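Comments concern the structure below.
Please treat every number below as a calculation from the coordinates, not as lab data. These numbers were taken from a predicted model, which means no experiment stands behind them. In this analysis, Cβ positions are derived from the backbone assuming ideal geometry, glycine residues included, and neighbour counts consider all displayed protein chains.
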Amino acid sequence: MFCSCHSPWKRVVILTAVVLALSWIAAQSPAWAQPAATSYAPAGWDAGLKLPEAPDTNPDPNIVEVHITAKMAEVEVAPGRTVRAWTYNGGLPGPLIRTKVGNRLIVHFVNELDEPTTIHWHGVRVPIEMDGVPGISQEPVKKGESFTYDFIVPDASLYWYHPHVMSAAQVGYGLYGPLLVEDANDGVGVADTTTIVLSDIGFDSKGTLEDAESGGSAGMVFGREGSYVLVNGRTRPTIKARAGAPQRWRIVNTAKSRFFYLDLEGQEWTVIGQDGGLQARSTKSNILLITPGERYDVIVRPTGKPGAELTLRAMLYNRGYGSIEYRSVEEIMTVALTNEPAVTKVDLPVVSRTITPPPLAGATPVPVVFTLPPQEAGHSEFRINGVPYWKATPFKAKLGETQFWTVKNDTDWDHPFHLHGYFFMVVDEKGAPLQPMVWKDTVNIPMKTTARFLVTFDERPGTWMMHCHILDHAEGGLMGTVQVGDGPATEHTHPVPKKP
Ligand code: C2O
Ligand code: CU
């Protein structure tokens, strides 16, 4: 016999050895060959809330090119409840624009509304010409006109888009949508991921939108909320989940005034990121506050008996008079567990990110105070350093300068403060970053408290807005600009609100 392997049992032994060797090689493969994350959710798990995506018409893998049209459309927010809303591409919210970090995004925007409008890319570090602010970065896009937005998306996270013309009215009427900038190598490793847009809208029994000026000055100070609370444009949708299995929810609050204080029957939220991407490390919490404009990137692992339903609720949160009085908890979404046995062991990667805070040494102090003086002639106005935006002169920053802002909220309402074009880092009295470090572009400043942050105006000269993202407050005076570098400097042209 010239070869012992002709014996059947020896062949089995040799084959087994080969298989073992191959699997050993597979197990030794380098870290970059990461296995795809396991999906646990049932088919169609997020169909109850999934948003349409804006089709990418550009074959170049590094360019995303989409068409967005602002137009009136009849939308159904609950069975039998329709409203003629202001929409992007006929949907509420507008379509999800999906990009990868570093992509070039081209948006062909057409305005088919009767009113002028623009698109602002909330949170994205765009050049000033793409910031969508009328009179500062572009002319308003009038009825029948178009504008092409074209910029790079430099940072992975969830962002959103909305008008910057009569924002309280236009956002309240339905103009907002999510922009997702993904990073395939973010290391999060959760396959079942969805994007959740929280908002509200107000309309009457005839389906007519609630007047953006309703309640006059008092409505402005309170911050008008729509009575229909929406999750991706729907009333109380259902998402399916397998008990114990992780889902990644990327959440944005696009409401013009409403805060969302989320509770999933006391279950734990693992917060992995916020406005400007991943946190330095993840944190855990049983309740999650998302104020207008903010984004949260969270992992939920709903637990319960197979087949059980969990309710996601918006709890009462006191952001000022009227926000908890005579109000009730809202049930906003159902998480329906499948009948499969619970997943008990899942190894989630440890989320971590190296973040270098802006340098404290040499940072220029910038004191800011928000006030709401007593009414004059039945009219209220918010002020920043003593003036409402229509009397304000720009704050100044040199290109490359780091500033240490101290923002004192001397009013009896919370204000989610938003800065265009730059991320900032929230710090304590001494300038030490709050832990874990994370980049923010919107931070809530509770009533009668002070927030502090460091920001480096590293590049992109221009006139950048900052304002409260309760858009009624912004229009009521709580808005201003930062002039970064020498130009282009412009006056913004938001009209002075009508006195009621
Ligand atoms: Cu979402 Cu001027 O902002
Ligand atoms: Cu405010």
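Some observations on this one:
- Relative contact order (%) - the range 420-480, alpha-carbon pairs under 8 angstrom, separation at least six: 34 percent
- Inverse of mean 1/r across different Cα pairs in the range 60-121, Kirkwood, Å: 13.2 Å
- FRET E, pair residue 396, residue 348, Förster distance 45 Å, beta-carbon r, rounded to 0.05: 0.50
- In a fully extended conformation the segment linking residue 305 and residue 84 would gain 75.5 nm over its present Cα-Cα distance, using 0.36 nm per residue.
- Spin-label model, residue 62 to residue 281: label points 7 Å out along the Cα-to-beta-carbon direction sit 3.7 nm apart.
- Model label zone, residue 408; criterion: amide N under 12 Å from point 7 Å along Cα-to-beta-carbon; scope the range 371-387: 371, 385-386
- You can think of it this way: the chain between residue 447 and residue 100 has 121.2 nm of extra reach, that is 0.36 nm per residue less the Cα-Cα gap.
- Percentage relative contact order, the range 63-182, counting C-alpha pairs under 8 Å, at least six apart: 31 percent
- Between residue 38 and 191, the built amide H atoms are under 5 Å apart, and every one of these is 5 or more places off in sequence or on another chain.
- Under 12 Å, Cβ to Cβ, from residue 371 - net charge with Lys/Arg +1 and Asp/Glu -1: 0
- Stokes-Einstein translational diffusion, the range 193-337 - Kirkwood Rh over all Cα pairs, 1.567 mPa s, 4 °C, in µm²/s: 80 µm²/s
- Expected-Rg normalisation [2.2 N^0.38 Å, Cα atoms] applied to the chain: 1.07
- Anisotropy class of the range 63-182 from Cα gyration tensor, a/c 1.5 cut: oblate
- The relative contact order of the chain, computed from alpha carbon pairs under 8 Å that lie at least 6 residues apart in sequence, is 14 percent.
- Label-point separation in nm, residue 73 to residue 387, each point 7 Å along Cα→Cβ: 4.2 nm
- Note, ³J(HN,Hα) from phi for the range 213-222, Karplus 6.51, -1.76, 1.60, rounded to Hz, x at Gly and Pro: 9, 4, x, x, 4, 5, x, 5, 5, 5
- The range 260-343, Rg to Rh (Cα coordinates; Rh as Kirkwood inverse mean 1/r): 1.02
- For the range 359-446, projected area of the alpha-carbon convex hull averaged over all directions, nm²: 6.8 nm²
- Note on residue 43 and residue 315: their simple-model spin labels are 3.9 nm apart, each label 7 Å out from Cα toward Cβ.
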